[in-house]
Amino acid sequence: MSQSTVPRPPVPAEGGATPPPQKAAPAGRKRRRAAATPPGGIRFRHKLRRDYALILMTLPAVALLVVFAYIPIAGNVIAFQYFSPYAGDGFFDSMANSAWTGMENFQRMLEDRDFWRAVRNTLMFSGLQLLLYFPIPIALALLINSVLHSKVRAWAQAVLYLPHFFSWVLVITVFQQLFGGAGLVAQLLRDWGWADSFDLMTDPGFFKWLITAQVIWKDAGWGIIVFLAALSTVNTELYESAAVDGAGRWSRMWHVTLPALRPVIALLLVLQVGNMLTIGGEQFLIQRTAVGPGASEVLDTYVWHRGIQNGDFSYAAAIGIVKGIFSVGLVLAANRVAHAMGEQGVYSRR
């Protein structure tokens, strides 16, 4: 028999008295309560009480980020001015007394041949590093992870990670001692009678390959650490199951290891694409004299020379604004591609 849908009368309390009916909460109070307590979640004040220790730990980092990253954004106003640091007492007073020029600095940028040469060099260096540098940490991490002996694996990881702590001055000095005109390779070639004027450090045509080799030698170890950490989370039972099914070493790497690395690869690739317009200023500034500005001028060095050396602060700020806008666009585009491939990227889709 089906259950009756007729509502039951209230059950009398002890003594025969019927309890008074409960009043329904107002609709506004229900909405506020639902907003304060999400479905299956915790109220915001309870989260604060639970995580106050973590919040206190992050406050210094947030304060540094606000002081050194967000407050200086206000200085971008000088991109629309003819800014002079001598127009007043202090930066803000000088900014208030400087003349407004509107979009003149941006129009000047579009007509500047040196600016477009810096953009072309920046994209060329970034493209080479994306194609040649990015896959190398993945390959080295897979190679180190395949080594069974733990001591050999730890030694190889330490040796490859050590150059990451070197300054660019030391890295360029090492390359100068190897590939310079008085370096080891040049001396060997002269002794063997093959070449008398070997000097890769002053060759503008070879400079793009030289820069990429320096970046690979210095920073590949950092990428190895990231990918090895991702490989440590792979379930070993997957390898055992694949081996039982007859999969060889290459097949296990292709069907088990690389799919486990896909989220990390997608995340780092999005960040790498977002930094395409921001490429090592110090590395290029040190070697600028050897190869000339035509081969070594990138956006960071161009902003340095225009803004710091020549005192054209407004024009340098305009270049910085354009570079920041395009960098954000590159991150969003790369993240959309990661979403299309089924990966989370920098942020997840709602």
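From the set of residues in region 147-160 that are farther than 9 Å from G221 by Cα and not β-branched (V, I, T), which is surrounded by the fewest Cβ atoms within 10 Å (Cβ to Cβ)? Top of the filtered list is L148. For region 66-114, the candidate set comprises residues that are in contact with a Ser or Thr (Cβ under 8 Å, 6 or more places away or on another chain), touching a residue at least 12 places away in the same chain (Cβ under 8 Å) and among the aromatic types (F, W, Y); within that set, the residue that is least open to solvent (accessible area, probe 1.4 Å) is F83.
Evaluated against (1) closer than 23 Å to E282 by Cβ; (2) at pLDDT below 90, F227 falls short on exactly one condition, (1). Can you tell me how many residues within region 115-146 are without any contact (Cβ under 8 Å) to a residue 40 or more places away in the chain and surrounded by 15 or more Cβ atoms within 10 Å (Cβ to Cβ)? Final tally of qualifying residues: 0.
Checking the condition outside any helix (DSSP H, G or I), in contact with a Phe, Trp or Tyr (Cβ under 9 Å, 6 or more places away or on another chain) and at negative phi, which residue from L261, L269, L277 passes? Answer to the check: L277.
Screening A213, A247 for residues that are over 20 Å from I144 (Cα atoms) and not in a helix (DSSP H, G or I) leaves exactly one candidate, A247. Considering only residues that are open to solvent by 50 Å² or more (accessible area, probe 1.4 Å) and closer than 17 Å to W254 by Cα, which ones fall in region 223-242? Matches in region 223-242: S232, T233, N235, T236, E237, L238, Y239, E240, S241. The residues in region 162-186 that are in a helix (DSSP H, G or I) and modelled with pLDDT under 85 can be counted, and the count is 1. Residues considered: R306, R288. Of these, the only one that is within 27 Å of K208 (Cβ to Cβ), crowded, with 19+ Cβ neighbours inside 10 Å, basic (K, R) and without any contact (Cβ under 8 Å) to a residue 60 or more places away in the chain is R306.
Quick check on A220: is it out of contact with any strand residue (DSSP E or B) (no Cβ under 7 Å at 6 or more places or on another chain), on the phi < 0 side of the Ramachandran plot and open to solvent by 50 Å² or more (accessible area, probe 1.4 Å)?
Details: out of contact with any strand residue (DSSP E or B) (no Cβ under 7 Å at 6 or more places or on another chain): yes; on the phi < 0 side of the Ramachandran plot: yes; open to solvent by 50 Å² or more (accessible area, probe 1.4 Å): no.
No, not satisfied.
Table: residues versus (1) within 27 Å of the chain's Cα centre (by Cα); (2) more than 23 Å from G292 (Cβ to Cβ).
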| residue | (1), (2) |
| --- | --- |
| P163 | yes, yes |
| F166 | yes, yes |
| V171 | yes, no |
| L178 | no, no |
| G183 | no, no |
| L188 | no, yes |
| G193 | no, yes |
| D196 | no, no |
| D199 | no, no |
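Taking the criterion of being of a type in the set (S, T, N, Q), within 23 Å of A79 (Cα to Cα) and open to solvent by 30 Å² or more (accessible area, probe 1.4 Å), would at least one residue in region 254-274 satisfy it? Steps first, please.
Taking region 254-274 and keeping what is of a type in the set (S, T, N, Q), we get 257, 272.
With the extra rule that they be within 23 Å of A79 (Cα to Cα), the set shrinks to none.
Looking through region 254-274, none of the residues is of a type in the set (S, T, N, Q), within 23 Å of A79 (Cα to Cα) and open to solvent by 30 Å² or more (accessible area, probe 1.4 Å).
Residues in region 312-344 that are in contact (Cβ under 8 Å) with a residue 60 or more places away in the chain, open to solvent by 20 Å² or more (accessible area, probe 1.4 Å) and among the aromatic types (F, W, Y): F313 alone.
The values are calculated or read from the model by the stated rules, or taken from the named source; none is laboratory data. Quick caveat: nothing in here was measured; it's all calculated off a predicted structure. All Cβ positions, even for glycine, are placed from backbone atoms using ideal geometry, and neighbour counts span all protein chains on display. These accessible areas exclude ligands, DNA and RNA; they are computed on the full protein's heavy atoms, side chains included. Shrake-Rupley method; radii C 1.70, N 1.55, O 1.52, S 1.80 Å.
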